[in-house]
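The values are calculated or read from the model by the stated rules, or taken from the named source; none is laboratory data. Worth saying up front: this structure is predicted, and the values here are computed from it rather than measured. Cβ placement follows ideal geometry from the backbone for every residue including glycine, while neighbour counts extend to all protein chains displayed.
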There are 2 protein chains.
Amino acid sequence: MKRNSRLALALHTLAHMAANDRVRTSTYIAEHAGTNPVVVRRVLGKLREAGLVISVKGPSGGWRLARDSSQITLADIYLALGESLVAAEVADDTPSCSIENALHQRVTNIMDTLEQNLIERLAKTTIAEIQGVEKDESSA
Amino acid sequence: MKRNSRLALALHTLAHMAANDRVRTSTYIAEHAGTNPVVVRRVLGKLREAGLVISVKGPSGGWRLARDSSQITLADIYLALGESLVAAEVADDTPSCSIENALHQRVTNIMDTLEQNLIERLAKTTIAEIQGVEKDESSA
DNA sequence: AAAGTCGCAACCGTAAGTGTTGCGAATAAT
DNA sequence: ATTATTCGCAACACTTACGGTTGCGACTTT
């Protein structure tokens with residue numbers, strides 16, 4: 001797969017799961033998403049920590065949504081994955097002078113604001129809206 | 001520096017240049033941005049291709065804004081750098097079935113829309129607004 | 001008891017990006 | 001003209017992030 005495709009994978013998978021409430025194994029999901037079961041578990045694991053999906057072990061186990069797809073927004077997913085597409089991950093500051101430092105702070109603030117705008121925008125769409133209308137029949 | 005810091009570097013640099021209209025060398029900029037002259041030239045080179053800055057060779061050469069800082073938006077910079085922070089770079093499609101394909105298309109459309117929203121948001125801020133009020137005096 | 005499934009850790013390979021060096025081209029200053 | 005300065009560009013090394021893969025243990029249903 002391509003780079004930083006976790007969000008796309010999560011969206012795709014949850015929309016798929018929203019089509020009906022059958023339990024899906026990570027192997028099944030991986031095949032339909034064109035990736036690996038472990039990758040699926042890695043991504044869905046984060047969503048499970050955030051309470052968006054539920055996993056059950058053992059035969060006839062797998063994954064299902066923790067609540068109705070209309071109650072899961074894209075922001076929920078984005079935040080659950082710990083994504084930060086816009087904002088810079090601050091690490092070390094080398095403020096050569098106070099003016100540089102102030103400027104750096106202003107740039108950082110702007111990017112943080114942009115990140116926040118993105119999240120607010122994400123919060124306005126739910127999985128149910130992605131999933132659309134049709135019910136999926138592909139089980140084999 | 002950190003990863004994908006090109007946008008932050010460009011913002012920082014252009015805001016710095018907006019403080020006055022002196023020509024800055026890439027070495028000077030790099031020192032103040034905590035990076036390397038070649039990295040600065042790489043980033044500013046893209047902005048030059050987009051007509052946002054002008055570079056002059058030779059002694060007393062360097063970089064300056066191509067137009068007033070109030071006429072350069074963050075979207076100009078973002079697009080000049082060829083950034084795509086949200087949208088997925090499509091490469092290959094493996095539509096196992098038509099339903100999968102439709103779903104994939106819908107996810108792609110959503111991420112494209114989010115990318116577009118980000119750009120629209122970026123277009124609402126100019127370098128002049130980042131730069132603020134004070135005039136910078138640091139030359140040594 | 002057996003089989004299926006997740007959970008997790010470890011590792012590899014690839015890709016992207018920054019940092020660095022070197023050299024050529026252009027241009028201003030002398 | 002010569003020289004010094006600066007960009008332009010290509011090539012390379014180094015690091016980091018991430019997807020992909022394997023292996024094994026834990027759990028639970030049948």
**Request:** Could you name every one of the helices (runs of 4 or more DSSP H) located completely within segment A:21-97 that has at least 1 residues being aromatic (F, W, Y)?
**Result:** A:26-33, A:74-80
**Complete:** Scanning segment B:2-24 residue by residue, those within 11 Å of DNA strand C (Cβ to nearest atom) and in contact with a Gly (Cβ under 7 Å, 6 or more places away or on another chain) turn out to be B:V23
**Message:** Against the definition (touching a residue at least 60 places away in the same chain (Cβ under 8 Å) and within 20 Å of B:L85 (Cβ to Cβ)), how does B:L7 come out, yes or no?
**Reply:** yes
**Number of the condition not met by A:Y28 [criteria: (1) within 13 Å of DNA strand D (Cβ to nearest atom); (2) of a type in the set (S, T, Y); (3) in contact (Cβ under 8 Å) with a residue 24 or more places away in the chain]** = (1)
**Request:** Hey, could you check segment B:118-133 for residues that are at the interface with chain A (Cβ under 7 Å from one of its Cβ atoms) and at pLDDT below 95 and say which is nearest to B:Q71 (Cα to Cα)?
**Result:** B:I130
**Prompt:** Among the residues of segment A:55-72, how many are within 9 Å of DNA strand C (Cβ to nearest atom) and in contact with a helix residue (DSSP H, G or I) (Cβ under 9 Å, 6 or more places away or on another chain)?
**Reply:** 3
**Item:** Subset of segment A:64-79 (residues that are more than 13 Å from chain B (Cβ to nearest Cβ) and within 14 Å of DNA strand D (Cβ to nearest atom))
**Value:** A:R64
**Request:** Could you look through segment A:1-18, keep only residues that are facing chain B (nearest Cβ under 8 Å) and closer than 19 Å to A:S70 by Cα, and pick out the one that is surrounded by the fewest Cβ atoms within 10 Å (Cβ to Cβ)?
**Result:** A:A8
**Request:** Just name the residue that is nearest to the other protein chains (Cβ to nearest Cβ) out of those in segment A:25-50 that are near DNA strand C (Cβ under 8 Å from one of its atoms) and buried (at least 22 other Cβ atoms within 10 Å of the Cβ).
**Result:** A:I29
**Item:** Failed criterion for A:A75 (all others in (1) within 16 Å of DNA strand C (Cβ to nearest atom); (2) within 30 Å of B:E129 (Cα to Cα); (3) of a type outside the set (V, I, T); (4) within 18 Å of the chain's Cα centre (by Cα) hold)
**Value:** (1)
